[in-house]
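A short write-up of the structure that comes next.
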Amino acid sequence: MVKTYYITTYGCQMNVHESEKLAGILSKKGYIASENIETADIILFNTCAIRENAENHAFGNIGALKKLKKNNKDLIIAVGGCMTQQTGVAEILAKKFPFVDIIFGTHNLDDFGKMLDKKISSKKRVVEVLENEKQICEDTPKFRTSYPNAWVNITYGCNNFCTYCIVPYVRGRERSRKMDDILEECRRIVELGYKEITLLGQNVNSYGLDFNDENITFPILLKKIADIKGDFRLRFMTNHPKDLSDELIEAMLYSDKICKYIHLPVQSGSTKILELMNRRYTRENYLEKIKKLKEKIPNISITTDIMVGFPFETEEDFLDTLNLVKTCRFNGAFTFVYSKRKGTIAEKMDGQIEEAVSKDRIQRLIDLQNQIAKEISLEYKDKIVEVLCEDFDTKKEMYLGRDEFNRMCYFSSDENLIGKFVNVKITKTGGISLVGELV
Ligand code: 5AD
Ligand code: SF4
């Protein structure tokens, strides 16, 4: 009988794509994806460490697997990713959950197949977490799960060391993939019929810096991918404001394939807090970049990440953030309460903010951003937008997709339109997503 696997992914798009690599490794070994965790032969958790609640979720859900293991002694449970890569966590996990069979980190994800073989042949638990990153591995198979979108890594790791962030500690130093490898992957993706490519990196703007070659930069890469023949959209994330160059803005205008959409995390509107965060830009620098983006690309959609409750954040600092949000009028914002991460510089800072204060601030921030998003959404009424149909929502019984600006839109159709570009006239606005009719 064919063996099956079930993967649970926590965290960002990088992790979602890495789970596609784990699925690729398992598929190559003959396993197939299971819809049901309870009947799977292998259960794999790809974890996240960005905030404490991501870890708590994973710990809770791994604990709940004990029951499944009791009923099926042959079940293989594997846990990997950013959470397990942190110093000492693999040991804690191994001790707390003796029923977990394989524990690995971020640096040896490509070796998951070997670890699985080892577990099966030795019948012993395999715990392998490497201290340092290895060279980029180009031949890991991928089992893509997000058609019509395809994720493509362009960089791995991060050199920025924002003081709150665990990423540089669990993903190592920044490494860029060779341009030819990226272009080859993109060509193949387009040939296979994918309609959207999303380039992934912790900071895509610094792509190529490690090659020290002026012909290898992110704007050049973007243009080269856009030159690939075919009907597809091109997106990229995440951007660091300090590295957002005029060349990139110009490159965004180079082709209609490049979505006029950018995710540009600001984190805080207070220069004092930005400095404490080691973000290496001021409130004014950020506002200037936003102004330039809006001037050069008038219809651009901008989203951001914002954190409240960072150490030493006063009410005045927070009001600076609210004010910046009002000025920028982001199309969307991911908002977070600062979470202390072990081993980061901010962990040791005085001036930690009380939970009640952070809770109050995040609510005020969310209320403001919701109001702005609603106002922007109202501008869509009766407009016709081009949507790439991505999926069918069985609850709403409607198809859904996003326009170039990353705005979600629902519509009805008798025909299966997944993977097609369609025009939709917006009839209902005001919520997080739009509703429309095919035209
Ligand atoms: N606490 C809260 N939010 C964090 N982020 C990163 N580290 C932390 C932390 N320690 C947020 C940032 C980042 C996004 C991916 O997650 O806003 O841009
Ligand atoms: Fe973390 Fe900053 Fe690197 Fe982003 S740029 S991954 S927030 S350290």
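The values are calculated or read from the model by the stated rules, or taken from the named source; none is laboratory data. Because the structure is a prediction, the values reported are computed rather than measured. All Cβ positions, even for glycine, are placed from backbone atoms using ideal geometry, and neighbour counts span all protein chains on display. The area values use the complete protein model at the heavy-atom level, side chains included, leaving out ligands, DNA and RNA. Shrake-Rupley method; radii C 1.70, N 1.55, O 1.52, S 1.80 Å.
The condition (being surrounded by 13 or more Cβ atoms within 10 Å (Cβ to Cβ), in contact with a Cys (Cβ under 6 Å, 6 or more places away or on another chain) and not hydroxyl-bearing (S, T, Y)) is satisfied by just one residue among V357, V387, V337: V387. Evaluation of D213 against the conditions (1) open to solvent by 10 Å² or more (accessible area, probe 1.4 Å); (2) within 16 Å of ligand 1 (Cβ to nearest atom) shows that the sole unmet condition is (2).
Remark: K21 matches the filter, which requires a residue to be in contact with a Pro (Cβ under 9 Å, 6 or more places away or on another chain) and either of a type in the set (K, R) or within 23 Å of I136 (Cβ to Cβ) (or both).
Here L200 meets each of (1) open to solvent by less than 10 Å² (accessible area, probe 1.4 Å); (2) within 16 Å of ligand 1 (Cβ to nearest atom); (3) of a type outside the set (S, T, Y); (4) more than 27 Å from L400 (Cα to Cα) with one exception, condition (4).
Filtering P168, P241 for residues that are more than 30 Å from I32 (Cβ to Cβ), within 15 Å of ligand 1 (Cβ to nearest atom) and touching a Gly at 6+ places or on another chain (Cβ under 8 Å) leaves a single hit, P168. The set of residues from region 266-279 being assigned to a loop (DSSP other than H, G, I, E, B), free of Cβ contacts under 8 Å to residues at least 60 places away in the same chain and within 14 Å of ligand 2 (Cβ to nearest atom) comprises just one member, S268. Looking at K292, K224, K296, just one residue is closer than 21 Å to N149 by Cβ, surrounded by fewer than 17 Cβ atoms within 10 Å (Cβ to Cβ) and either charged (D, E, K, R) or touching a His at 6+ places or on another chain (Cβ under 6 Å) (or both), and that residue is K224. Against the list (1) at pLDDT 95 or above; (2) exposed (fewer than 15 other Cβ atoms within 10 Å of the Cβ), the condition G419 fails is (2).
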